[in-house]
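Contents: one structure, followed by commentary.
Values in this text are rule-based calculations from the coordinates and carry no lab data. Computed from a prediction, not measured in an experiment: that's the story for all the values here. Cβ: placed from backbone, ideal geometry, glycine included. Neighbour counts: every protein chain shown.
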Amino acid sequence: MHFPNWLLQRSRQNPEAIALNFVSPTQEVKHWTYSQLQAEVELWIAYLQGLGVQAGDRVGLLLTNHPHYLLIVHALVQSEAIAVFLNTRLTAAELNWQIEDSQAQYLICDEFTQDLAKNLQDQIQDLIVENCSSSILLSRIKNQNENINLENIQGIFYTSGTTGKPKAVPLTYHNHFHSAITSALHLRINHQDNWLLCMPMFHVGGLAIAWRSVIYGTAITLLPKFDEQEVLTAIANQGVTLISLVPTMLTRLLRHPLAQNLCNSKVRAVLLGGAPADPDLIEQCLELNLLILPTYGMTETASQITTMPSQKLASKRGSVGLPLFGNRLRIVELDNPEQEVEIDEIGQILVQSPSLMTGYLHQPKHEPNLHQEYWFPTGDLGYRDRDGYLYVVSRRSDLIISGGENIYPSEIEAILLQHPAIAEVCVVGVSDSEWGESVAAVMVASSELSLAEVREFCLQKSLAKYKLPKSIYIWESLPKTASGKLLRQNIRDFISQ
């Protein structure tokens, strides 16, 4: 199914409407209308095509938040190329694996990531630094697609699987479109809305804001990164009405001296996802009359699946709301996915949605026939109350969510077991007032080890810094079942006492 290109259509229907506000680190603010945004996108199309980027090519994006990120994404859309979104916080070894797995032929970096990118150059066709000269940009466009095939892949995102190995999630334009429309219906978007984007654009939650804005015809206020002072200043000065945050971010904003900028602003809703919201945080927001909308979603579903209705936050505390329009969910028995559990009974969450990927890269697509619908097993545990509201109990039993980042214990355990002094290890998440959870490693070792030694060893093995253990414990043995499986929950409970 073909659809008019979203940005092209906006640039023709609403040419003078503000599309983007960018607040630089020096607090300089620059604005783009939709017609100005499209004009700069066309320069990028010419530049990329001049380098040989063609329809179907996969282009890695190793970029920090900047207007060029948005321009390049739209240029790839209109060139019919596929974006591969790379986490700038990963190590060279981790990025190398993702570039090889995604078969990216080009890599676009910026001044902040070019040193890291140079370590990856052997695997790619071309290394592109985004601050290229204007003279190069003025070449002629060879081909520009004015339509979007909604079934085509827009981008590839990486998310860790339950084994700790990254999985590639290809999302189509149809996935993004449904996610944007169903979110708009819930939030009752209007043309005066201005969404603050301070989350990394390599995360689907960050990029989703970019798609929503161009589909709705609303504005984005973009920040280079999350910084409490910059966020609160932008809220006060840029007329922000919507913002997406993880709970750690919101907690930091409310602790800041300028917190009143948020509480007394035009912000009409805070979309809160990425990790469970602490009950104390919800209570604080209720006392401040700050409307937060807890959500549940994942990369595989192009962001939101459920969101809390605004009028139910107080009466349904702890819930992540109801399925958005067009989405469905079931709670089933862990050992029998055909059997739904009773109301208030915990089970595995299954979801079905037009925003759901058709399958992981390199794996068979999910193509349900007329007699059998496909339900995606999230691996998350939760329950529904009698009104249908979802409560998530555990986001994948072993998953650690720290500051909105997913961390899988098995990846860290595999590295620690390479240490000559470590015989056994169990990595778990423990409660952390700032990050939600932090990484703790419980191990059996032949000699005393310090936290600093363990962290340095992990760094030498190319583990990203945000995945490093923040606490370690040396035990004589680790508790196991009769079959030899680690009693992970018992270990977590013991060290959390």
Residue 248 meets each of (1) within 22 Å of residue 7 (Cβ to Cβ); (2) touching a residue at least 40 places away in the same chain (Cβ under 8 Å) with one exception, condition (1)
Cβ pairs under 7 Å, 6+ apart or interchain, first in segment 185-214 and within 18 Å of residue 17 (Cα to Cα), second aromatic (Phe, Trp, Tyr), ordered by first then second residue, are 189/216; 209/195; 212/195; 213/195; 214/6
When segment 21-65 is checked residue by residue, the ones that are without any contact (Cβ under 8 Å) to a residue 24 or more places away in the chain and not in a helix (DSSP H, G or I) are 26, 28, 31, 33
Flagged pairs (Cβ under 6 angstrom, 6 or more apart or on separate chains; first in segment 437-464, free of Cβ contacts under 8 Å to residues at least 40 places away in the same chain; second small (Gly, Ala, Ser) and in a loop (DSSP other than H, G, I, E, B)) are 445/421; 446/421; 447/421
Exactly one of 431, 477 is small (Gly, Ala, Ser), more than 29 Å from residue 98 (Cα to Cα) and not in a loop (DSSP other than H, G, I, E, B), and that one is 431
Touching a Phe, Trp or Tyr at 6+ places or on another chain (Cβ under 8 Å), basic (Lys, Arg) and more than 25 Å from residue 149 (Cβ to Cβ) - does that describe any residue in segment 6-22? no
All conditions in (1) closer than 24 Å to residue 76 by Cβ; (2) of a type in the set (Gly, Ala, Ser); (3) touching a strand residue (DSSP E or B) at 6+ places or on another chain (Cβ under 6 Å) are true of residue 234 except (1)
If we keep only residues of segment 213-258 that are in a loop (DSSP other than H, G, I, E, B) and among the polar types (S, T, N, Q), then the residue farthest from residue 320 (Cα to Cα) is 238
Given (1) buried (at least 21 other Cβ atoms within 10 Å of the Cβ); (2) assigned to a strand (DSSP E or B), residue 277 misses just (2)
query = within 20 Å of the chain's Cα centre (by Cα), assigned to a strand (DSSP E or B) and within 23 Å of residue 179 (Cα to Cα) - does that describe any residue in segment 322-340?
reply = yes
